[in-house]
Each structure stands twice: as C-alpha cells, then as structure tokens.
Amino acid sequence: MISAIIKKDIALLRLYILASITVSLACYLLAIALTVWFTSHQEKAVQTLVQRSFLSLCIGGQLGFFTTILLGALLAGSAVTLERSDRSVEFLACLPPTRWQNLSSKILVVCSVVVLMAVLHLATTLTSFLLIPYVRVDLRIQALNPTTVATFLCLIVSTVGGAWGFASCMKSNGAPIVLGMATPFLTLTLVLLVGKLLDIPSEGDSFQLRYNTGSIILGSTLGLIGSYLYLTRREP
C-alpha cells in the first residue's frame, strides 16, 4: 500500500520534481556557458580544460545550492497544501491508508528529491576541491570553503523544515514557501538576539557554528511541529 501512496505523492508533485531536475542540470549548463564566455576573454593559460572544469564546477555548485534552498521550500510547502487546495485531502481521509502512512510518504518523496539535489551539488563541489592544486591561484577564490558548504546544507534543512512546518496549517503553498525561505533570517535574528543577551561576539567561526546549529535546530523543530499538526489536524 505504501508504494501506491508514494506514487500518488510523486504524481502530485511531478511538476515540482521535474522543475527540480531541470533547474539542477541547468545550473551546470549555465555555469559552463559563463565559464566559456569568461575564459574566452582571458589569457590562454585560463582556457585549459582543468581551469574551465574547475570554474564550471564551482559556479554550478554555488548556483545549485542556492536553487536547492528555493526548490526545497517549494517541495516542502506544496506536499500537503496541494491536496488541501483541490480538496482531495477530504477524499483521501476516507481511504484505508492512515494519516501516518500519508505523512511518511510525503516526507520520503520530498526528502529524497532534496537529498539527491544536495548530494549532486556536494559531489561537484568536492570534485572542485580536488582540482584546486592544479588551477591558477587567482581562480581559487571562486571555490567554496568547507564552512560555507556546511552553511548551505544547514540552510537547506532550515528552509525545508520551515516550509513543511508552516504548510501543515495552511491551505495554499504560497505562504509556506515564502515563510520557509524566511526561516534562515529568523534563525539569524534569534542567534543575534541570544548573542546580544549573553554578550557573545557576533562574528568569526564561532558565530558561523552557532548559526549553522541554530538553522538545524529551528528547521528540525518546525518540521516536527508540522508533522505533529498534520497527524492531529482535522481536515479540511
């Protein structure tokens, strides 16, 4: 039965899933185009395959992480609300699958797509790290550092959890998507507020660590609250 529910949720989110695949691939096509255009105006030493591959992976990975944050919020904010907007959730409530099975299916579909996107961009970023010793020094500034990569991953958790949490009590996906995208700013506000109250400097690696930790905690908390509300809510 669970496989049928998963297929139903994939069909429900098919446009968003296709958009996620298309945008993820488009990030690297755009990165390649930008790299070729940029290096074609530079000296021959920058036009080698290694230099261009490095720049393409760096730019594509950065674009990919940014789009994953947006697409993650889009998927998480739509998984529940799309059924409410067309009132199909009322019909589903009369079918044998339990609310817990429906919840598990939605979480599996959303998390699978988001994780696959994140793994793709993480893999390309790690590959660019391997090329760093072979590229010019002035190009290495394009590379992400491990701390920034960790921050991107934490932001994905924050936005997905935030969008899921807000979507659990709304009927359209617009507001949850926007609120999910705003969750990192809420985290920043809370971290700065706590730092001010405790007189902790808001700078450096320690601040980055507190922000990343806060992003995971807030995103996970909102996600758990959203799941609880979904399980206990009387539809519509």
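The values are calculated or read from the model by the stated rules, or taken from the named source; none is laboratory data. From a predicted model like this one, the values you see are computed outputs, not experimental measurements. For neighbour counting, all protein chains shown are included, and Cβ atoms are generated from backbone atoms with ideal geometry for every residue, glycine included.
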How many residues does segment 117-126 hold that are among the hydrophobic types (A, V, I, L, M, F, W, C) and either surrounded by 15 or more Cβ atoms within 10 Å (Cβ to Cβ) or in contact with a Phe, Trp or Tyr (Cβ under 9 Å, 6 or more places away or on another chain) (or both)?
4
If we keep just the residues of segment 10-27 that are touching a Leu at 6+ places or on another chain (Cβ under 8 Å) and not in a loop (DSSP other than H, G, I, E, B), which is surrounded by the most Cβ atoms within 10 Å (Cβ to Cβ)?
Cys27
Would you be able to say whether some residue in segment 56-68 is within 23 Å of Ile132 (Cβ to Cβ) and surrounded by fewer than 19 Cβ atoms within 10 Å (Cβ to Cβ)?
yes
The residue from Asp138, Asp205 that alone is without any contact (Cβ under 8 Å) to a residue 24 or more places away in the chain and not hydroxyl-bearing (Ser, Thr, Tyr) is Asp138
Within segment 174-205, of all residues that are outside any helix (DSSP H, G or I) and among the charged types (D, E, K, R), the one farthest from Ser220 (Cα to Cα) is Asp199
Which numbered condition in (1) touching a residue at least 60 places away in the same chain (Cβ under 8 Å); (2) under 21 Å from Leu126 (Cα atoms); (3) out of contact with any Lys or Arg (no Cβ under 9 Å at 6 or more places or on another chain); (4) not β-branched (Val, Ile, Thr) is the only one that Ser56 fails?
(1)
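Let's see how each residue does on (1) surrounded by fewer than 24 Cβ atoms within 10 Å (Cβ to Cβ); (2) more than 20 Å from Thr213 (Cβ to Cβ); (3) not basic (Lys, Arg):
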{"position": "Phe129", "(1), (2), (3)": "yes, yes, yes"}
{"position": "Tyr134", "(1), (2), (3)": "yes, yes, yes"}
{"position": "Arg140", "(1), (2), (3)": "yes, yes, no"}
{"position": "Asn145", "(1), (2), (3)": "yes, no, yes"}
{"position": "Val149", "(1), (2), (3)": "yes, no, yes"}
{"position": "Cys154", "(1), (2), (3)": "yes, no, yes"}
{"position": "Ser158", "(1), (2), (3)": "no, no, yes"}
{"position": "Pro176", "(1), (2), (3)": "no, yes, yes"}
{"position": "Thr183", "(1), (2), (3)": "no, no, yes"}
Could you list, in sequence order, the residues of segment 55-108 that are at pLDDT below 75, assigned to a helix (DSSP H, G or I) and aliphatic (A, V, I, L, M)?
Val89, Leu92
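In this structure, is Ser206 at pLDDT below 90, among the hydroxyl-bearing types (Ser, Thr, Tyr) and in contact with a Lys or Arg (Cβ under 8 Å, 6 or more places away or on another chain)?
So Ser206 fails the test.
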Meets criteria (assigned to a helix (DSSP H, G or I), modelled with pLDDT under 95, of a type outside the set (Ser, Thr, Tyr) and over 10 Å from Phe65 (Cα atoms)) for Leu139:
yes
Across segment 210-236, what is the total count of residues that are assigned to a helix (DSSP H, G or I) and either at positive phi or exposed (fewer than 14 other Cβ atoms within 10 Å of the Cβ) (or both)?
6
